[in-house]
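Report on one structure; see the data block that follows.
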Amino acid sequence: MIKLFRSKIYLALFLMSFVLTFGVLGYRFISDYDWIDAFYMTIITVTTVGFSEVRPLDTESKIFTVFLIISSVFIFAFAISVVTEYILSRNSLQLLKKKKVKNKISKLSNHVIVCGFGRNGQQSSERLTAYKKPFVVIEKDKEVIERFENDLLFVEGDANDDDVLHEAGIAKAQFLITALPDDAANLFVVLSARQMNKDLFIISRASLATSQKKLVLAGANKVIMPDKIGGDHMASLVVMPDLITFMDKLSIEGEHTTNLEEVAIEDFADQVECNSLRDLDLRRKTGCTIIGYIAPDGTYIINPEADLRLQPKSKVIVLGRPEQIRKLNEMFHIV
């Protein structure tokens, strides 16, 4: 549809240019005006402003003027209608797009809200997309939204605005990632989000170490400092490069790479008797290896023993290649 409007606009511009050129040449050679007077006569004729002629017109010039007026009226009317149609249709398309996005967001639950689509926000969105986790991005830069709106769900506005958070479905959201560049802005988002959803798991970005404690007090469950993580990562590559490179590959999606997954014990409970890790026997069934256990109280156990007793509401950390993870998910119907 946009291509059709574009072709019509090009046609209208061509016809208007043709009429102006035709008028100038006609007055120059039929009425014997100089170029300035010919251009002046053409403009006052096609715009029908009613100014007087430069000098009285002869019969041929009058006939030419009548023809120029009639043709210009139709052509300029066509051009105005094309521009008006394009503007109205563009507004209608934008309204339809926003309504469609709003309907999609209203159907989401247990989704993620990403506040800010800068470097950290984009990186978060890429990882969420890779793991097929539904999410909504809040961004106030209209140009950024127009660039990515065909691939992602956006809510245009300031994340500090409660109405914008509500539009992003914060009441039904499970996680919120606030990745705004300003710590104060992130602090306000955390405060607002915590008031609107007490059960929300909030992850906030921080630039300054002094902001970390404030964000936690405001209600953030986790505070991430990208600069600190980046510095630690670079230093670790110097001290133990192979180990860090291997750890990086654990989180990379690919055909021949490894992957990590966390699975709730409840996902196994209805299908197998799982009193201990040995009962799960995931290594033989799927090829995946259990490398960690998270107790209900949040205690982490690395490389747990096979006889470890499993508790309700606990989780296991599973290591495997993507195809092994897929086999695990399919076998136990894990979403």
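The values are calculated or read from the model by the stated rules, or taken from the named source; none is laboratory data. Model, not experiment: these values are computed from the prediction. FYI the Cβ positions are ideal-geometry reconstructions off the backbone, even for glycines, and counts take in every protein chain you see.
Couple of notes before you dig in:
- In segment 323-332, the count of residues that are among the polar types (S, T, N, Q) and loosely packed, with under 12 Cβ neighbours inside 10 Å is zero.
- Selection of segment 205-227 for residues being without any contact (Cβ under 8 Å) to a residue 12 or more places away in the chain and either assigned to a strand (DSSP E or B) or of a type outside the set (A, V, I, L, M) (or both) yields THR210, LYS213.
- Inspection of segment 88-101 identifies at least one residue that is at pLDDT 80 or above and exposed (fewer than 13 other Cβ atoms within 10 Å of the Cβ).
- Test: ILE202 is assigned to a loop (DSSP other than H, G, I, E, B) and at pLDDT 95 or above: no
- Hits in segment 296-317 (condition: small (Gly, Ala, Ser) and in contact (Cβ under 8 Å) with a residue 12 or more places away in the chain): ALA306, SER314
- Residue check for ILE177: part of a strand (DSSP E or B), under 30 Å from PRO322 (Cβ atoms) and out of contact with any Cys (no Cβ under 8 Å at 6 or more places or on another chain): no
- Residue tally, condition out of contact with any helix residue (DSSP H, G or I) (no Cβ under 8 Å at 6 or more places or on another chain) and within 20 Å of HIS333 (Cα to Cα), over segment 279-310: 4
- Residue that is nearest to the chain's Cα centre (by Cα), among those in segment 299-319 that are in a loop (DSSP other than H, G, I, E, B), closer than 18 Å to ASP267 by Cα and of a type outside the set (Ser, Thr, Tyr): LYS313
- Considering residues of segment 102-113 that are surrounded by 14 or more Cβ atoms within 10 Å (Cβ to Cβ) and not in a helix (DSSP H, G or I) only, the residue modelled with the lowest pLDDT: LEU108
- So LEU165, is it under 19 Å from VAL101 (Cα atoms) and touching a residue at least 40 places away in the same chain (Cβ under 8 Å): yes
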